[in-house]
Structures are given as C-alpha cells and as structure tokens.
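To start, the structure under review is shown below, and the notes come after it.
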Ligand SMILES: Cc1cc2nc3c(=O)[nH]c(=O)nc-3n(C[C@H](O)[C@H](O)[C@H](O)COP(=O)(O)OP(=O)(O)OC[C@H]3O[C@@H](n4cnc5c(N)ncnc54)[C@H](O)[C@@H]3O)c2cc1C
C-alpha cells in the first residue's frame with residue numbers, strides 16, 4: 001500500500017520539523033519520517049538559539065512535534081531505508097517497517113554522524129566534557145583548563161587548529177595536543193600569538209573518573225583538563241539522497257542551491273545533511289527556506305499552462 005503526500009520529509013530534527021511546520025501551515029499534506037535521536041542528543045542543553053538558549057534538545061523536538069501536529073502533519077516513528085523516483089511523478093520512500101510512502105516532493109533532513117577519535121574516554125564523555133563546538137559550549141567551560149586534541153583523523157588538522165585559535169576567547173589556559181599532526185610554522189606562530197601551549201607527544205587517552213580529569217600522555221603522565229575539544233569527522237546521513245541520484249561535490253556533500261534544491265528535480269536537502277556547519281537555529285532556518293521553495297514549486301507546477 002502506498003499513500004501520496006505533497007511532501008515526504010525524511011528526518012525529524014530541527015531542519016525537518018521546521019520545514020514541516022511551514023508546509024503544514026501552507027495546508028500541504030506532509031509526512032515526517034522521524035528517524036532516531038538528533039545529533040546533539042548526547043548534550044544536556046542546547047545553546048545559541050535565540051529564545052531557546054539552554055533548552056534540552058529533546059524539549060525542542062517535543063515542542064516542535066506538537067506544533068507541527070497541530071497543523072495536521074503526520075509523523076511516523078520510522079527510518080527511511082530507500083527511495084526511488086515514481087514513473088509518472090514524485091518519489092517513493094521505503095520505511096524500515098516495509099511500508100512505502102509516496103510524495104510529490106521529498107525533503108531530506110537526516111543530519112550527519114560524528115566519527116570521534118578512537119581514544120579511551122572520548123565517546124564516554126562526548127557531549128558532556130568532550131566537546132567540539134566552542135560556540136555551543138565554550139561559555140559553559142569558560143576560564144577552565146581546556147585541551148584541544150589534534151590527530152591523524154580526516155579533517156582534524158584544519159578543524160582542531162581552528163578550535164585552538166578560537167578557544168582563548170573563553171579561557172586563558174588552552175593546551176593543544178597535536179598527536180603527531182604536522183603543524184605548519186605559520187600555525188605554530190598563530191597558536192603562540194593566541195597564547196595556546198602546544199604539547200607534543202602521543203596521547204594514550206582521557207582520564208575519566210565520573211567526569212573528565214585530564215589527558216593521559218603515552219609516557220604515563222596526566223595533564224589536568226576539565227574539558228577537551230575534539231575534531232570529529234563528519235559523515236552525512238545521505239543514503240536517501242544517494243539512492244535518488246543527487247549530485248555530490250568533491251568533498252562528498254550533496255550539491256544544493258540556496259533553497260536546498262538538489263540536482264534532482266523535486267528533491268531538497270536541509271540542515272546538517274548538506275551543511276555540516278549549521279547549528280540548530282541555522283538548520284531550522286534552512287528547513288524553513290526549503291519548505292517555502294517546495295511549496296512554490298508545487299504551486300508553479302500546478303499553474304503551468306498545458307502545452
Ligand atoms: C554534542 C553536540 C552538541 C551540540 N550542541 C549544540 C548547541 O548547543 N547549539 C547548537 O545550535 N547546535 C549544537 N549542536 C549541533 C546540532 O546538533 C545540529 O546543528 C542540529 O542537530 C542539526 O539539525 P538537523 O535537523 O540538520 O539534524 P539532526 O538534529 O541530527 O536531525 C536529523 C534527524 O534525522 C534522523 N535520521 C537520520 N537518518 C534517517 C533516516 N534514514 N530516516 C529517517 N530519519 C533519519 C536522525 O535520527 C535525526 O533525528 C551540537 C552537536 C553535537 C554533536
């Protein structure tokens with residue numbers, strides 16, 4: 001059995017729910033395939049969202065869900081496992097239960113996955129005192145002894161140096177652990193100018209005793225730190241976009257225009273699945289922008305004179 005919606009939204013985080021709100025209020029028939037937890041689920045609080053600062057991530061989604069349902073959008077507690085174009089018009093999205101939902105348009109808002117450095121203690125304390133975003137949690141760890149872990153992981157060099165350069169904004173005690181990463185002379189000068197100490201040598205892991213106590217070096221000593229920033233490698237949850245044949249750039253991110261429209265007609269992407277830098281407020285904004293573009297696309301398709 002398959003049902004036809006105006007829009008199938010895959011992913012029920014900030015981007016997906018925000019799009020659903022705009023589309024349902026535009027009186028579109030919308031279904032949201034919710035998926036599982038949002039990316040920031042390990043964090044107790046969400047920061048930097050005007051009027052929602054400090055709200056637990058689950059509360060944002062609960063509030064968003066009730067707002068969306070108020071306007072008649074349907075939410076399915078399912079994951080999308082595949083998608084394809086329909087012969088005439090629109091797309092089918094296959095769900096984990098085996099159910100298929102059909103939409104005239106599809107918005108993919110499935111977020112991304114953070115692949116963390118494989119060091120003892122990192123996953124255990126992720127989102128608590130192992131952090132990645134100075135703007136999200138820098139204020140909460142202000143004036144504390146902070147560490148930044150570099151490393152051989154993809155993308156870690158640029159990301160971790162940037163974190164280390166930003167963090168003195170929040171604390172005068174920042175130590176950078178390159179973990180064998182080749183730092184350029186220019187980067188060393190920049191770090192020095194910002195007052196960041198560089199501590200060479202292998203890192204064995206993090207010392208955790210209920211909370212983070214410090215960074216353990218391979219030679220056995222511990223450097224006391226109360227929070228450590230790491231540079232995860234970002235992987236988009238983009239299986240649905242791949243299945244639909246969307247184009248990707250050289251770095252593996254789906255190509256969209258400013259409204260989130262992909263290279264495949266009728267398919268949009270919004271939030272972290274297409275923009276890894278988007279914080280919650282930006283992901284919600286991108287969902288809203290995509291929703292208006294999708295609604296306009298449906299309107300103009302319906303108004304097109306028959307040829
Ligand atoms: C530890 C941590 C703390 C953070 N703190 C902050 C903060 O304080 N402030 C801030 O602004 N940002 C913060 N962020 C960033 C924030 O998580 C993202 O900006 C935000 O989640 C992006 O929203 P999104 O809707 O694009 O993705 P998500 O919120 O991740 O939502 C995507 C949804 O799609 C679902 N999904 C995935 N695959 C499928 C599928 N196949 N079928 C159906 N559903 C699927 C997922 O389960 C998820 O529910 C933090 C991130 C992390 C990791």
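The values are calculated or read from the model by the stated rules, or taken from the named source; none is laboratory data. Quick caveat: nothing in here was measured; it's all calculated off a predicted structure. With ideal geometry, Cβ positions are generated from the backbone for all residues, glycine too; neighbour counts draw on all protein chains shown.
Given the options 238, 186, name the one that is modelled with pLDDT of 95 or more and surrounded by fewer than 18 Cβ atoms within 10 Å (Cβ to Cβ).
Details: 238 fails: surrounded by fewer than 18 Cβ atoms within 10 Å (Cβ to Cβ).
The unique qualifying residue is 186.
Looking at 142, 104, 123, which is the one that is over 18 Å from the mean Cα position of the chain (by Cα) and not assigned by TED's automatic domain parsing to the domain that holds residue 84?
Numbers: 104 fails: not assigned by TED's automatic domain parsing to the domain that holds residue 84; 123 fails: over 18 Å from the mean Cα position of the chain (by Cα).
Criteria check complete, one pass: 142.
Taking only the range 18-60 into account, find how many residues are more than 8 Å from the ligand (Cβ to nearest atom), farther than 18 Å from residue 293 by Cβ and surrounded by 21 or more Cβ atoms within 10 Å (Cβ to Cβ). Looking only at that region, the number is 1. With respect to the conditions (1) within 15 Å of residue 10 (Cα to Cα); (2) in contact (Cβ under 8 Å) with a residue 40 or more places away in the chain, residue 37 falls short on a single one, namely (2). Taking the conditions (1) outside any helix (DSSP H, G or I); (2) in contact with a helix residue (DSSP H, G or I) (Cβ under 9 Å, 6 or more places away or on another chain) in turn, residue 120 satisfies each one other than (2). The condition of being surrounded by fewer than 19 Cβ atoms within 10 Å (Cβ to Cβ), within 16 Å of the ligand (Cβ to nearest atom) and not assigned by TED's automatic domain parsing to the domain that holds residue 81 holds for only one of 206, 166, that being 166. Could you please find all residues in the range 262-290 being within 9 Å of the ligand (Cβ to nearest atom) and either surrounded by 21 or more Cβ atoms within 10 Å (Cβ to Cβ) or closer than 12 Å to residue 109 by Cβ (or both)? The answer is 270, 271, 272, 273, 274, 275, 278, 280, 283, 284, 286, 287. Screening residue 73 against (1) touching a helix residue (DSSP H, G or I) at 6+ places or on another chain (Cβ under 7 Å); (2) more than 9 Å from the ligand (Cβ to nearest atom); (3) not assigned by TED's automatic domain parsing to the domain that holds residue 282 leaves a single unmet condition, (3).
The strands (runs of 3 or more DSSP E) falling completely within the range 218-270 that include 2 or more residues that are more than 30 Å from residue 145 (Cβ to Cβ) and within 15 Å of the chain's Cα centre (by Cα) map to 233-236.
For residue 78, state whether it is within 26 Å of residue 97 (Cα to Cα), out of contact with any helix residue (DSSP H, G or I) (no Cβ under 6 Å at 6 or more places or on another chain) and in a loop (DSSP other than H, G, I, E, B).
yes
Any residue in the range 282-293 that is more than 19 Å from the chain's Cα centre (by Cα), touching a residue at least 40 places away in the same chain (Cβ under 8 Å) and in the same structural domain as residue 83 (by TED's automatic domain parsing)? Please lay out each step first, then the result.
Let us first name the residues in the range 282-293 that are more than 19 Å from the chain's Cα centre (by Cα), namely 292-293.
Pick out the ones that are also touching a residue at least 40 places away in the same chain (Cβ under 8 Å) and you get 292.
Still in the list and also in the same structural domain as residue 83 (by TED's automatic domain parsing): 292.
Looking for residues that are more than 19 Å from the chain's Cα centre (by Cα), touching a residue at least 40 places away in the same chain (Cβ under 8 Å) and in the same structural domain as residue 83 (by TED's automatic domain parsing), one finds at least one in the range 282-293, hence yes.
Taken over the range 6-44, the criterion of being farther than 30 Å from residue 82 by Cβ and touching a helix residue (DSSP H, G or I) at 6+ places or on another chain (Cβ under 8 Å) is satisfied by 43 alone. The set of residues in the range 80-113 being in contact (Cβ under 8 Å) with a residue 40 or more places away in the chain and out of contact with any strand residue (DSSP E or B) (no Cβ under 7 Å at 6 or more places or on another chain) consists of 99, 111. Within the range 134-153, restricting attention to residues that are surrounded by fewer than 17 Cβ atoms within 10 Å (Cβ to Cβ) and within 24 Å of residue 280 (Cα to Cα), which residue is farthest from the ligand (Cβ to nearest atom)? Only one residue fits best here, namely 142.
For the range 217-244: of the residues being more than 15 Å from the ligand (Cβ to nearest atom) and touching a residue at least 24 places away in the same chain (Cβ under 8 Å), which is nearest to residue 35 (Cα to Cα)? Spell out the reasoning first.
We begin by selecting, within the range 217-244, every residue more than 15 Å from the ligand (Cβ to nearest atom); these are 217-226.
Adding the requirement that they be touching a residue at least 24 places away in the same chain (Cβ under 8 Å) leaves 223-226.
On the way: 223: 40, 224: 39, 225: 36, 226: 33 Å.
Applying the filter and picking the extreme gives 226.
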